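**Q** Structure in structure tokens, see below.
A short reminder: the numbers here are calculations on the coordinates, not readings from a lab. Model, not experiment: these values are computed from the prediction. Here the Cβ positions follow ideal geometry from the backbone for every residue, glycine too, while neighbour counts run over all protein chains shown.
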């Protein structure tokens, strides 16, 4: 891929052009002597290349994202780290695009900057190879996702790898987990049979030596050497480069033909510096691209998987989801797992029955599913009722209603969907809610050019109840769950609330969205006051007090308490607009 050499150094105002040129020449010469050591400079400048991201999910649910920058060719070609100032908004940082970074300095191969990267449209940022996979309305993510899995052990680690090649193959396309579910079935079920598992190649076990080096022809922070004493971001990357070289020697060929490369780490990793406290690490989007787009036009994401999660299909799909530019699935209020609290999506922490498909916006993000109806302010005028019939999400790809409303954050879209536990792969609710349908409201602000945004589960409810979004006045009443045309459907009435009381009567508008017509709304037709109570008759004379027994009478035995009934999954309907999230708490560690 031909890329213009970056304008690496700009002339500071106090320096002459000759001085700047001399410094640039010295730096380039230094690079040419040692191609594996990154450029260091205190002179501000700019560079154009590919901005990448690495996501680490800690055990408490927090996300840490580190950034890498690849300059493809030219004198400064190589991998760099990027450190943004704290006031640079993370959701404004666009990864997996050809961008220009204006840096203040480069130290130890890390660019330091307080500016957002700029999409370099003139240098290929809008070309076909850099378009963000044409997300959303069409399915342009891989339809046959392929995996290269490395089974590894580490020099110096007492506990050795206990997983075999056969274990991996069985998990992906054989007997699978203890419920006989495998990755092939998981992909097919959640994608409505639009996606099936592609090639799965397993290499190993391979031991990472106590110390070694990678043979790369470009710079990398810390140089080409590595060890097994810690799990820094660049150590993890060098381990993967080492494994790629090993695989090529085994006749695997070009490793970038695979969509996902997974390093299956050995047991006991937490005893190594910086290797504990996280459940998985993966790249946000692709990290490498094939030299032949016909082989893999999407790109290759990298995953580092802890062994304790091996048989959890959700963990594999969750980390692969990061490779597909999916951020975590959250709720407005943090839970024990911080930003992974949406129990209805595999991009949230484990909840329900420990296996789920995607929520409505993530479904749309991948192109696996999509809204069948779109509404805006014109459709959802204040006080108007709009009735929709939403199919159960797992029954069809066209299964959500998208709503774009004014006075929200930029690009914010709301999604209504209907979910019910659908074995064996979509079980977002605990077993006591089997056969109970839920109406869900999500939001998502991602776009094709900046897809890595969290989805948010704003509210959920059951039949005969309401949910609402207070900032927009959006109210939805879940009227019925019925079978129509051979498919389970949720009948939902959507309303936009103007205030807490009816504003104007006799205008056929439901201003407070309590779903009462004006002639039945107490705000318009107050109920008459009850008639006054009749006067009380005079009290009869007090009877003669009875004689008390010498000892108190024996009380009958207390009745036995009734046998406890099993909890009813259907909550009693609350008053209108009294809504709350029906939580199904996560029960395992996040990714």
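**Q** What's the extension gain from residue 388 to residue 271 if we count 0.36 nm per residue and subtract their Cα-Cα distance?
**A** 36.7 nm
**Q** So how long is each side of region 147-325 along the principal axes, counting just the alpha-carbon atoms, biggest first, in Å?
**A** Sorted from largest, the Cα extents of region 147-325 read 46, 38, 29 Å.
**Q** Okay, moving on. So for 447, 141, fewest C-beta neighbours within 10 Å to most, what's the order?
**A** 447, 141
**Q** Just want the ordering: 278, 316, 234, from fewest to most Cβ atoms lying within 10 Å of their own Cβ.
**A** 234, 278, 316
**Q** Another one. Any idea how far apart residue 42 and residue 227 come out in nm if each label point goes 7 Å out from Cα toward Cβ?
**A** Calculated label separation equals 3.0 nm.
**Q** Full extension from residue 73 to residue 210: what is 0.36 nm times the residue separation minus their Cα-Cα distance, to one decimal in nm? Numbers along the way, then the final one.
**A** On the way: separation 137, 0.36 × 137 = 49.32 nm, distance 3.14 nm.
Length gained, residue 73 through residue 210: 46.2 nm.
**Q** Fewest Cβ neighbours within 10 Å first, please rank 184, 238 accordingly.
**A** Final ranking by Cβ density, sparse to dense: 184, 238.
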